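Heads up: the structure comes next, in structure tokens.
The values are calculated or read from the model by the stated rules, or taken from the named source; none is laboratory data. If you're wondering where the values come from, they're calculated on a predicted model, not measured in any experiment. Note: ideal-geometry Cβ built from the backbone for every residue, glycine included; neighbour counts use all protein chains shown. Quick note on the areas: whole protein, heavy atoms, side chains included, nothing else; ligands and nucleic acids left out. Shrake-Rupley method; radii C 1.70, N 1.55, O 1.52, S 1.80 Å.
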Amino acid sequence: MKNDSALFFTCSLIEYIGRKQKLKRAAVVGHIGKEVLKRIYKFADVFHCEPIEKVADEFISQCSIPEGSFDNVAKCRYEAPDYWVIGEVYERLVEDTAEDDIDNIVGHVVEVYSSWIDDVISNYNTDFYYQSREYIYECYKEGRICA
């Protein structure tokens, strides 16, 4: 499974909501929950027709996602990558961890976002998020930043 547009939208929406609500992305996934994530993934082609701001507002309201204080964009000393770029980083990592397990894609989304790598990808003052897909996956498998 490569270039899953529904997964790309789902991950980008998580990133957008995290930025808007100033929450770590793992917290966003926790507030949304598996069932709603399944719905977002299943109907991503429909949700993608609306502005992401509108879709995000609807899920923020529906899932009662609170505002926090995690503002990794403001802490960025350089130009922060946009939410589509980071959505793609997560999409690729989820695809690589899921391999052909498309039936449990949401489980893999939760697993990746709940892991140690969420903090590393969310630190825009490092170059980690724009490393190769293969390198990010190897780090994830190893459970640490590889040399």
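Residues in the range 19-70 that are out of contact with any Cys (no Cβ under 8 Å at 6 or more places or on another chain) and of a type in the set (Val, Ile, Thr): Val28, Val29, Ile40, Val46, Ile52, Val55, Ile60, Ile65. Could you tell me which residue of the range 99-147 is least open to solvent (accessible area, probe 1.4 Å), considering only residues that are among the charged types (D, E, K, R) and farther than 26 Å from Gly33 by Cβ? Restricting to residues being among the charged types (D, E, K, R) and farther than 26 Å from Gly33 by Cβ, the top hit is Arg133. Filtered by the rule that a residue be over 12 Å from the mean Cα position of the chain (by Cα) and open to solvent by less than 40 Å² (accessible area, probe 1.4 Å), the range 72-94 gives Asn72, Cys76, Ala80, Pro81. Could you give every pair whose Cβ atoms fall below 8 Å, whose first residue belongs to the range 129-147 and is acidic (Asp, Glu), and whose second residue is open to solvent by less than 100 Å² (accessible area, probe 1.4 Å), counting only separations of at least 6 or pairs across chains? Taking only residues 6 or more apart or on different chains, the pairs are Glu138/Cys146. Tyr41 meets all of the listed conditions (1) under 17 Å from the mean Cα position of the chain (by Cα); (2) in a loop (DSSP other than H, G, I, E, B); (3) of a type in the set (Phe, Trp, Tyr) but one, namely (2). Going by what's in this entry, would Val46 be described as of a type in the set (Val, Ile, Thr), part of a helix (DSSP H, G or I) and more than 15 Å from the chain's Cα centre (by Cα)? Yes, satisfied.
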